[in-house]
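A short worksheet on the structure shown next.
The values are calculated or read from the model by the stated rules, or taken from the named source; none is laboratory data. Treat the numbers as computed from the prediction; the structure is a model and nothing was measured. Ideal geometry is used to build each Cβ from the backbone, glycine not excepted, and the neighbour counts take in all protein chains shown. Please note that ligands, DNA and RNA were not included when accessible areas were found on the heavy atoms of the full protein model with its side chains. Shrake-Rupley method; radii C 1.70, N 1.55, O 1.52, S 1.80 Å.
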Amino acid sequence: MSNEIELIPELRFPEFEKEGEWEIKELQLLADRVTDKNKSGKIDKVFTNSAAHGIVDQREYFDKDIANKSNLENYYIVENGDYVYNPRISTEAPVGPTSRNNTGRTGVMSPLYTVFRFKEKKNQFYEYYFISQHWYDSIRKASNTGARFDRMSITDSVFMSIPVLYPNPQEQQKIASCLLSLDELIAAHNDKLDALKDHKKGLLQNLFPQEGETVPKVRFPEFEDDGEWEIRSVEQNIDLISGIALKSKELSDNNSGTPILRGINITEGQIRHSDEMDKFYLGDTSEMEKYLIQENDIVIGMDGSKVGKNVALISEQDAGAILIQRVARIRAINSDVRYLYQHFFSNVFRRYVDNVNTSSGIPHISAKQIRDFEIGFPPKIEEQQKIASCLSAVDELITAQQEKIDELQQHKKGLMQGLFPKIES
């Protein structure tokens, strides 16, 4: 590493401002590689390591998918507090995740992973360091990435010789405590988000008739004497079309054209955008009026692994986009569109799609199958509107809570960029 690079973080706690540059040490000077294997076969807790979940117990999946349990004898023993590097890359971990075993248990992991144990176990500084850009850059420099596109190629010996940043232990602890406090705040907000989702789940169970019933368990007082609901398909209450077929050469990255709404843009409850996924049509749209989506249209992705889940309500921002093939557009007829949306975005619709999907290839749902979806219709549209308003209010709370979490995650990302020195190219 060049001596011209000054290893001083942009953000530093006042008591360390005069400490000077951070040191660099090879990982093997701070940690020992774990090579102990489960020769006796007594340990049956099988761990895996992923960017999304860190180290988790995957024993149930192992028992289900792998018949030869003798393989466990060749697995590395991973004690609580040990670290594991998984060379399989993903969007979340572009060089593969490096995670600490915080399960409180001893388990085993595949010999495809690198297991190592810090000489000083108490400090959590490196838990955060291993998700920093500095660490990612260090692995890239040490790796031969030509082997497989989805896996980093790096030997255990080379891995253990990777240089890592080393501030003094007191500064390490201060940084770890700061980031841990932020993680605890994020966790508290996630708990609140889960509570809101559980609250909505309870409302859905009580405000709609359950299977085999014609009245809900809970009804707003003004509708208690209105009688039974009608359970039938949504066909009479929706106008449904699927999108226009455009050739690949008609799809452009030039955002001066008309936006195209594709299945990839639809995720669970929202329309997502990025420079990579957004496409535009540069031609004349005067003959495409029926395919231009409007605010409050319901859109459903008709193909893919998440068919039945990728459902969204169009906002003003996305109105005017071109509906492309394999996406269904729904408009309400003599019904409240938000009421219909709550059904299409429910677990009931997801289960329905799973049941009617008989394809052995890519999961798929047809326009007819969507029209045949059965729900309960109260005698008065005003009751639909009341229910929809109640559930939409909870949705707004869920969205606001998710936005708080996203903001905190962005704050953490920015904080980490400042707390670890930047490495110049």
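Listed values, structure above:
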item: Nearest-0.05 FRET efficiency for D275 and E211, computed from C-beta distance (R0 45 Å); result: 0.50
item: Highest-first arrangement of 222-233, 256-267, 37-48, where packing means the average Cβ count within 10 Å; result: 256-267, 37-48, 222-233
item: Under-5 Å amide H pairs with V164, H placed in peptide plane, nonlocal only; result: K25, E26, L27
item: Highest-MSF residue in the chain out of F159, F13, F349 [GNM, Cα springs under 10 Å]; result: F13
item: Candidate lysines - alpha carbon under 20 Å from K217, same-chain residues fewer than 8 apart omitted; result: K197, K200, K201, K380, K386
item: Anisotropy class of the range 259-333 from Cα gyration tensor, a/c 1.5 cut; result: oblate
item: Cβ-placed point charges (K, R +1; D, E -1), dipole of the range 293-343 about Cα centre in debye, nearest 20; result: 240
item: Bridge type composition, the chain - antiparallel percent by DSSP, nearest 5; result: 90
item: GluC sites (Glu not before Pro) lying in DSSP loop within the range 255-349, provided at most 14 other Cβ fall within 10 Å; result: E268, E276, E287, E295
item: Accessible area of the chain divided out per residue, in Å², using a probe of 1.4 angstrom; result: 54
item: Proximal lysines to K42, defined as alpha-carbon separation beneath 19 angstrom and excluding residues fewer than eight positions away on the same chain; result: K64, K69
item: Modelled FRET efficiency - R0 45 Å, A367 with H411, Cβ distances, 0.05 increments; result: 0.55
item: Q385 paired with K290, simple spin-label distance in nm, labels 7 Å along Cα-to-beta-carbon; result: 3.1
item: Average Cα contact separation per residue, the chain, under 8 Å, 6 or more apart, as relative contact order %; result: 17
item: When each of K45/K192; K37/K122; K121/K412 is checked by Cα-Cα distance, pairs over 28 Å; result: K45/K192
item: Computed accessible area, D284, all protein chains, 1.4 angstrom probe, square angstrom; result: 110
item: Surface share of carbon and sulfur [accessible, 1.4 angstrom probe, percent] for the range 341-425; result: 50
item: D82 long-range amide H proximity, modeled H, under 5 Å; result: N101
item: Calculated from backbone phi, Karplus (6.51, -1.76, 1.60) coupling profile of the range 72-85 in Hz, x at Gly/Pro; result: 4, 5, 9, 7, 6, 7, 10, 8, 4, x, 6, 10, 9, 9
item: Residues whose placed amide H lies under 5 Å from that of I238, excluding near-sequence neighbours; result: I333
item: Gaussian network model of the chain, Cα within-10 Å springs - most flexible of L397, L251, L204; result: L251
item: Given charges at Cβ of Lys, Arg, Asp, Glu: the chain dipole, positive-most of V78, P94, T258; result: V78
item: With all protein chains modelled, accessible area of I398 [1.4 Å, Å²]; result: 30
item: Choice from T98, T155, T114 showing the highest fluctuation, given a GNM over the chain with Cα pairs closer than 10 Å; result: T155
item: The range 123-201 - percent of accessible surface contributed by carbon and sulfur, probe 1.4 Å; result: 54
item: Net dipole in debye of the chain [+1 Lys, Arg Cβ; -1 Asp, Glu Cβ; about Cα centre; nearest 20]; result: 1540
